[in-house]
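Notes follow once the structure below has been shown.
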Amino acid sequence: MSSSAQTLALPRKNYLNEGYGVKSWLLTTDHKRIALLYLVVVTFFFFVGGFFAVLIRINLLTPAGTFVSAETYNRLFTMHGITMVFFFLIPSIPAVLGNFLIPMMIGARDLAFPRLNLLSWYIYVAGGLFTLYSQLAGGVDTGWTFYTPLSSVYANGHVVAAALGIFITGFSSILTGLNFIVTIHTMRAPGMTWFRLPLFVWTHYATSVIFILGTPVIAIAIALVAMERIFHIGFFNPAWGGDPILFQHLFWFYSHPAVYIMILPAMGVVSEIVPTFARKRLFGYHFVAAASFGIAVIGFLVWGHHMFVSSESVYSAMSFSFLSYLVAIPSAVKVFNWMATLYKGSVSYQTPMLYAMGFIGLFVIGGLTGLFLACLGMDVHVHDTYFVIAHFHYIMVGGAVMGYMGGLHYWWPKISGRLYSESLAKFAALVLFVGFNLTFFPQFVLGYMGMPRRYHSYPPEFQVLNVMSTAGASILGIGYLLPMAYFIWSMRYGPIAGPNPWPATGLEWQTSSPPPPENFEVTPVVTWEPYDFSGRPDLMAELAAQARAERPVSEGQ
Amino acid sequence: MSESESILRGHFRDLPQQRATATLGMWIFMATEIMFFGGLFLTYTVNRAAYPGIFAEASHHLNVVLGTVNTAVLICSSMTMAMAVYCSHKGRQKALSIYLILTMILGLGFLGIKAAEWTEHFQHHLVPGFNFQFSPAAAAGPAQLYFSLYFAMTGMHALHMIIGLGILTFLLIESFRARYTPEYNTPVELSGIYWHFVDIIWIYLFPLLYLIDIHK
Amino acid sequence: MSGHNERLQEAAEKIDDQMAIHADEHSPSPKAYLAVFLTLLCLTFLTYEVALINLGKWNVVVALAIAFVKSTLVALVFMHVYQSSRRTKLVVVAGLVWLFFLIFLTMSDYLTRHWLY
């Protein structure tokens, strides 16, 4: 396992060259190829959602907000939210990295249900196309939250088409979650007991529990909205004796745990990256594993904190507020354990580690501001302002997307067999970090000062911060475009990575890069603890060789 | 044994792992179904708590006799399905096919009675969105809520029955080919779980929709 | 020490799985199915009869209680949950607990709204 690039070659038989042609990709049941199919579509939707964001930020350069009409602006933030939440954030890490890695991490040949895996991709694409159609046909203006009775009675956009698209895509999530849970239970290699599993697997298990138990409820919520629109019945229409708040309960019962769907996989990625680049086993493994479940379970009990000002019962609001404080505890446990892992570790700052560290810092800010929002009195002041927007973008973009980017960089050598340009990647990470903070930190201030969300115009005193935010967004965009460019470049021209370039522990690093179609030549038998650097003299030797060469492996040629 | 080889799929180690996987998969799917119908049951609970009197009055337009008969029909179909699964474990091919056919007949019977009920409701203008009429007019809004829930819940249930009938048809055809043996009967077992679940949903729908204050 | 625990854990899971797979050999007899079937029919009849008696707000409680007994019988006997693995039982319980979360927490909003005003 030499770090010299000249002696490495791509494995002759790997999952990428096992069959060419469109059919071999569109009819594949190989979890690795399906992961790449997801990667392509997820990336597409990321840029679609980003496009809407660009238009929003351009409109917000001026207080009058006349770049687009108010109507159009409503459609823009709706479609930005729908695309980003349902078609990018929720699938991204599980469907791309989870699909690719989970069988490998547990020593299996594939997921439990490979054909269902392929079906889940087709369902995702079908739902995406439906929603894309609704957007191209003029869009929806209800906000991604589809609050009634606006969405069910008064809105004149393509609500039913968008709702149908999301409904369909929900089944993709359910199938993925089902596949992961069953796989992790029944497909583990001999010796891969529960507490030898990488934390990436634990967090995806917890995420899958949310997929299974939460998604069906939003399916019903959306179906009822569609029924109301089509048949003019009044579940959520006060004029017919219905209750709009019932929709909010049904909607947020899923959509709050959904944010844990978005963050748990990213936390799993960070839990993989930090030990590798601190050369030290993860501190408090059992606590981090338990915390993943704590987040998943308690996360189902807090949804009412989205409805504090919606005429929810004050007593109910108090209990939701208390539970919302409670759910921060397992997240904090994870942060402390990552920090403890770094302490007295041998830390190196390659790109995945930069993203992981960025995650930790930005997630802490986003998470703490979540506590501000969980406080009833504070929430009354900042609800529906840019404070909320800043809070969730810190978690979703500063957290989840950075986790996704970190994961893509970390496992890119395994997926493609190639290394990207480390210097360019470091630069892009820095650009992204700066751009992100410039975009979203001003929004905390704006929200606290009272700028409402979902308004196309604003009072003139807010302009400076808005211009800063838009400037940040353009820098952020560059930070996302650069990786696209160098990843694609690396597929052809990048130095060959070898099986374990970092090096890292974990079963996925013990097979070739790219892996063979069946993942392992021989089914591994696991006898070691996770993240056990000290027990792996071969890895320590590799690290020593890299240090002697005075150049991290990813510099390549 | 070549029979086992053709049953075992490539990514599994052995048949027990394959069977454990399929079984767990079906039960996880059942959990999603609990939450799916759960959303409808929640909507029902909220609205019935808000309008107990009107819900009762609206429910009196349902045919309790047909509802009770339908409940018995489904319970019989669960019995025949359980016997079908039993026969597949014992390798009794002909009995298996017969029990599957009986289950399907009972399922079709249920759907037939449901269709008759729905036709009657339609003729009495009790279908929301299709010239709904209810007296007194002041109660029309909540009554429409009741009937919307009635049609949504029994409709969703009926859809699951139809899918179940499709699955049973597939099983029946395979049973004619003597496909299910004591070594390989997982599809029958898992389809049984699905069928019984649909029965359980109806066990709750019946008292909640049909038996509201029928003593009045 | 942890290696020993791991081996025990693995062995326990294997036994759990094997028990579930061989549950066929211990699955309910047709006589058991018949007994449950007749019980279900009786309980259905009972549900109908009790609904004809005016118990006020307890009508719905009794009706749901009987429905719960019926569904439990179907699950344990017809669906073989009684002899299924611990894992299967956990999945069933989890589904029911989550349903309870959904209904209980939502109704806690509606039922306490008027406590204040």
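The values are calculated or read from the model by the stated rules, or taken from the named source; none is laboratory data. A quick note: this is a predicted structure, and the numbers were derived from the prediction, not measured. All Cβ positions, even for glycine, are placed from backbone atoms using ideal geometry, and neighbour counts span all protein chains on display.
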TODO: Return only the number of the condition from (1) within 14 Å of chain A (Cβ to nearest Cβ); (2) in contact with a helix residue (DSSP H, G or I) (Cβ under 8 Å, 6 or more places away or on another chain) that B:Gly109 does not satisfy.
DONE: (1)
Open item on the list: Going through B:Thr71, B:Thr103 one at a time, which residue ends up being buried (at least 17 other Cβ atoms within 10 Å of the Cβ), of a type outside the set (A, V, I, L, M, F, W, C), within 16 Å of B:Ile203 (Cβ to Cβ) and under 13 Å from the mean Cα position of the chain (by Cα)?
Closed with: B:Thr71
Open item on the list: Going residue by residue through the stretch A:248-261, is there one that turns out to be touching a Gly at 6+ places or on another chain (Cβ under 9 Å), free of Cβ contacts under 8 Å to residues at least 40 places away in the same chain and within 13 Å of chain B (Cβ to nearest Cβ)?
Closed with: yes
Open item on the list: Could you go through the stretch A:465-477 and let me know if any residue there is out of contact with any helix residue (DSSP H, G or I) (no Cβ under 6 Å at 6 or more places or on another chain), of a type outside the set (S, T, N, Q), closer than 23 Å to A:Val388 by Cβ and loosely packed, with under 15 Cβ neighbours inside 10 Å.
Closed with: no
Task: Residue count, the stretch A:290-315 (criterion: in contact with an Asp or Glu (Cβ under 6 Å, 6 or more places away or on another chain) and at pLDDT below 95) - done: 2
- [ ] Collect the residues in the stretch A:158-189 that are more than 9 Å from chain B (Cβ to nearest Cβ), touching a residue at least 40 places away in the same chain (Cβ under 8 Å) and not in a helix (DSSP H, G or I), keeping them in residue-number order.
- [x] A:Arg188, A:Ala189
- [ ] Can you give me the number of residues within the stretch C:39-52 that are facing chain B (nearest Cβ under 9 Å), free of Cβ contacts under 8 Å to residues at least 12 places away in the same chain and part of a helix (DSSP H, G or I)?
- [x] 3
Open item on the list: If I ask for residues that are modelled with pLDDT of 95 or more and either touching a His at 6+ places or on another chain (Cβ under 6 Å) or away from every other protein chain (no Cβ under 11 Å) (or both), which ones from the stretch B:42-57 would you list?
Closed with: none
TODO: Search the stretch C:64-95 for residues being buried (at least 17 other Cβ atoms within 10 Å of the Cβ) and among the charged types (D, E, K, R), and hand back the single one that is nearest to A:Gly214 (Cα to Cα).
DONE: C:Arg87
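For the condition under 15 Å from the mean Cα position of the chain (by Cα) and touching a residue at least 24 places away in the same chain (Cβ under 8 Å), what is the one hit in A:Leu362, A:Leu419, A:Leu424, A:Leu376?
A:Leu362
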Task: Options A:Leu224, A:Leu264; residue that is buried (at least 24 other Cβ atoms within 10 Å of the Cβ), away from chain B (no Cβ under 14 Å) and either in contact with a strand residue (DSSP E or B) (Cβ under 8 Å, 6 or more places away or on another chain) or not β-branched (Val, Ile, Thr) (or both) - done: A:Leu264
Task: Among (1) surrounded by fewer than 19 Cβ atoms within 10 Å (Cβ to Cβ); (2) facing chain B (nearest Cβ under 7 Å) - the single one C:Trp98 does not satisfy - done: (1)
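Let's see how each residue does on (1) touching a Gly at 6+ places or on another chain (Cβ under 9 Å); (2) touching a residue at least 24 places away in the same chain (Cβ under 8 Å); (3) among the hydrophobic types (A, V, I, L, M, F, W, C):
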{"residue": "C:Lys57", "(1), (2), (3)": "no, no, no"}
{"residue": "C:Val60", "(1), (2), (3)": "no, no, yes"}
{"residue": "C:Ile66", "(1), (2), (3)": "no, no, yes"}
{"residue": "C:Met79", "(1), (2), (3)": "yes, no, yes"}
{"residue": "C:Gln83", "(1), (2), (3)": "no, yes, no"}
{"residue": "C:Val91", "(1), (2), (3)": "no, no, yes"}
{"residue": "C:Leu96", "(1), (2), (3)": "no, no, yes"}
{"residue": "C:Leu99", "(1), (2), (3)": "yes, no, yes"}
{"residue": "C:Met107", "(1), (2), (3)": "no, no, yes"}
Open item on the list: Can you pull out every residue in the stretch A:180-191 that is in contact with a Gly (Cβ under 8 Å, 6 or more places away or on another chain) and crowded, with 24+ Cβ neighbours inside 10 Å?
Closed with: A:Phe180, A:Val182
Task: helices (runs of 4 or more DSSP H) contained entirely in the stretch A:2-93, each with at least 1 residues that are in contact (Cβ under 8 Å) with a residue 40 or more places away in the chain and under 24 Å from A:Thr207 (Cβ atoms) - done: A:31-59, A:70-82
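Could you check the stretch B:1-21 and list, in sequence order, the residues that are more than 7 Å from chain A (Cβ to nearest Cβ) and buried (at least 19 other Cβ atoms within 10 Å of the Cβ)?
B:Phe12, B:Gln18, B:Arg19
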- [ ] Could you figure out which of (1) in contact with a helix residue (DSSP H, G or I) (Cβ under 9 Å, 6 or more places away or on another chain); (2) modelled with pLDDT of 95 or more; (3) of a type outside the set (Val, Ile, Thr) isn't true of B:Gln18?
- [x] (2)
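Take C:Val69 and tell me if it is assigned to a helix (DSSP H, G or I), out of contact with any Cys (no Cβ under 9 Å at 6 or more places or on another chain) and more than 9 Å from chain B (Cβ to nearest Cβ).
yes
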- [ ] Only residues that are among the polar types (S, T, N, Q) and not in a loop (DSSP other than H, G, I, E, B): list them for the stretch B:125-154, please.
- [x] B:Gln144, B:Ser148, B:Thr154
- [ ] Find the residue count for the stretch B:82-110, including only residues that are closer than 16 Å to B:Val198 by Cα and of a type in the set (Gly, Ala, Ser).
- [x] 3
